[in-house]
Amino acid sequence: MKFIALLLFLISICYCSFSQISFSTQRGSRPFINLIKVPDSAFENGKVSVKFKATYSSSLHQIKKENGILLFGIKAIDELSKKYQISDAKKLFQSLDNRKKNLHNAWGFNLWYDLILPLNVNIKNVITDLQATGIIDVAEPHYKIGTSDIKSSTSFIPNDAKFIEQWNLKNTGQNNGSIGSDIAITDAWDIEKGTPNVIVAMIDRGIKIDHPDLAQNIWSGVGYNFFNNSNIITPEDHGTATAGIVGAVTNNTIGVSGIAGGNGNVNSGIRLMSCQTFSGSFNGGFAEALIWAADNGACIASNSWVFVNAGVYRISVLDAIDYFCTNGGGNVLQG
């Protein structure tokens, strides 16, 4: 009996200690967006993102449908659901590691949903009405995102012998450029050429993981397709090109030289994690990709994409960026 009592005592101590664990959830500033002045072309129709206040978290387990209309069991929200014909609610973060549930909940990621509406519904009116309920922390449109341009004065020629043409790495005046206008890569390589314990998450189109100049530097877990919520990476040019800029295998006689591509040996060079958020002309999963990357050991997140209209952003994405800055780093950095 004494043994059992001692065991129960120890379990209670562990439980109390665990329940008192606090997590750092420091967020950056959120510049004001005047939604009235944002053109309708800046966001997608038929969808809004909302973050419920934490006091309503228990109600989120009681979502149901009646006659095709989504009901939360919260009167004010249900009235708006009927008014605007809200037909579905999808968790914004679906693919996160359940082992870090407490950390994710501390950041409020469990409170985020995408609400699906008819395409002809006025998104600005929906957001205004949702904010007026006092039940929603955040209501925002799905601001459109697109990949940013990769600019170069030369054609891509896949051969290390063409390093001389990578003027952005080492500018010797080729193509009538300004000598020294570069990132001084050769000086940097004297210090470090890239190491496998540094994982770089490419939040982009899918990487061609069997590309002869990339395969050696692909992360062992490869990555995840956040657009269609699967493990299947669909390779596309933009994601493959940005991956090459960051981590193409250097000094292997083929392709180009990656900024941190190593020295040609298999135990050198950073590792590329393919976090696919684009598929053809469609995209999605940017916030989730950043959290997933941090949880899976990424030290750096490469984000070669932009909001299509200047002056707008998604709070869910900024929250995820803050999460990455706080919790990323793998076994190399703390944040």
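For this structure, a couple of remarks:
- Residue list for segment 291-335, restricted to those being among the small types (Gly, Ala, Ser) and farther than 14 Å from Ser274 by Cα: Ala310, Gly311, Ser316, Ala320, Gly328, Gly329, Gly330, Gly335
- Just one of (1) touching a residue at least 40 places away in the same chain (Cβ under 8 Å); (2) outside any strand (DSSP E or B); (3) surrounded by 15 or more Cβ atoms within 10 Å (Cβ to Cβ) fails for Leu119. It is (3).
- When Leu103, Leu71, Leu115 are screened for being within 24 Å of Asn296 (Cα to Cα) and modelled with pLDDT of 90 or more, only Leu103 passes.
- Segment 268-301: number of residues that are open to solvent by 20 Å² or more (accessible area, probe 1.4 Å) and among the small types (Gly, Ala, Ser): 5
- Qualifying residue in segment 20-35 (condition: more than 29 Å from His104 (Cα to Cα), at pLDDT 90 or above and of a type in the set (Val, Ile, Thr)): no
Yes/no per residue for (1) open to solvent by 30 Å² or more (accessible area, probe 1.4 Å); (2) touching a Cys at 6+ places or on another chain (Cβ under 8 Å); (3) outside any loop (DSSP other than H, G, I, E, B); (4) at negative phi:
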residue: Gly239; (1), (2), (3), (4): no, no, yes, yes
residue: Gly244; (1), (2), (3), (4): no, no, yes, yes
residue: Thr250; (1), (2), (3), (4): no, no, no, yes
residue: Ile254; (1), (2), (3), (4): yes, no, no, yes
residue: Ser257; (1), (2), (3), (4): no, no, no, yes
residue: Val266; (1), (2), (3), (4): yes, no, no, yes
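- Of the residues contained in segment 61-68, none is found to be open to solvent by 50 Å² or more (accessible area, probe 1.4 Å), under 27 Å from the mean Cα position of the chain (by Cα) and under 17 Å from Ser316 (Cα atoms).
Conditions tested, residue by residue: (1) part of a loop (DSSP other than H, G, I, E, B); (2) open to solvent by less than 80 Å² (accessible area, probe 1.4 Å); (3) among the basic types (Lys, Arg); (4) in contact (Cβ under 8 Å) with a residue 24 or more places away in the chain.
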position: Asp78; (1), (2), (3), (4): no, yes, no, no
position: Leu96; (1), (2), (3), (4): yes, yes, no, yes
position: Lys101; (1), (2), (3), (4): no, no, yes, no
position: Asn110; (1), (2), (3), (4): no, yes, no, yes
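- Taking the criterion of being without any contact (Cβ under 8 Å) to a residue 24 or more places away in the chain and surrounded by 14 or more Cβ atoms within 10 Å (Cβ to Cβ), the only residue of segment 25-60 that qualifies is Ser59.
- Pairing residues of segment 316-335 that are without any contact (Cβ under 8 Å) to a residue 24 or more places away in the chain and over 24 Å from Lys53 (Cβ atoms) with residues that are open to solvent by 10 Å² or more (accessible area, probe 1.4 Å) and among the polar types (S, T, N, Q), at Cβ distances under 7 Å and at least 6 apart in sequence or on separate chains, gives Gly335/Thr326; Gly335/Asn327.
- The condition (being open to solvent by 40 Å² or more (accessible area, probe 1.4 Å) and either within 18 Å of Ala294 (Cα to Cα) or of a type in the set (A, V, I, L, M, F, W, C) (or both)) is satisfied by just one residue among Ile207, Ile179, Ile185, Ile199: Ile179.
- Test: residue in segment 324-333 that is open to solvent by less than 10 Å² (accessible area, probe 1.4 Å) and out of contact with any Cys (no Cβ under 7 Å at 6 or more places or on another chain): no
- Residues that are at pLDDT 80 or above and more than 23 Å from Ile300 (Cα to Cα) were ranked within segment 143-172; the one that is least open to solvent (accessible area, probe 1.4 Å) is Tyr143.
- Flag: Ala320 matches the condition of being assigned to a helix (DSSP H, G or I), within 13 Å of the chain's Cα centre (by Cα) and among the aliphatic types (A, V, I, L, M).
The values are calculated or read from the model by the stated rules, or taken from the named source; none is laboratory data. The shown structure was predicted, so the numbers you read here are calculated from the model rather than taken from an experiment. Don't worry about glycine lacking a Cβ; one is built from the backbone with ideal geometry, like all the others, and counts go over all protein chains shown. Heads up: the accessible areas ignore ligands, DNA and RNA and are worked out on the full protein's heavy atoms, side chains in. Shrake-Rupley method; radii C 1.70, N 1.55, O 1.52, S 1.80 Å.
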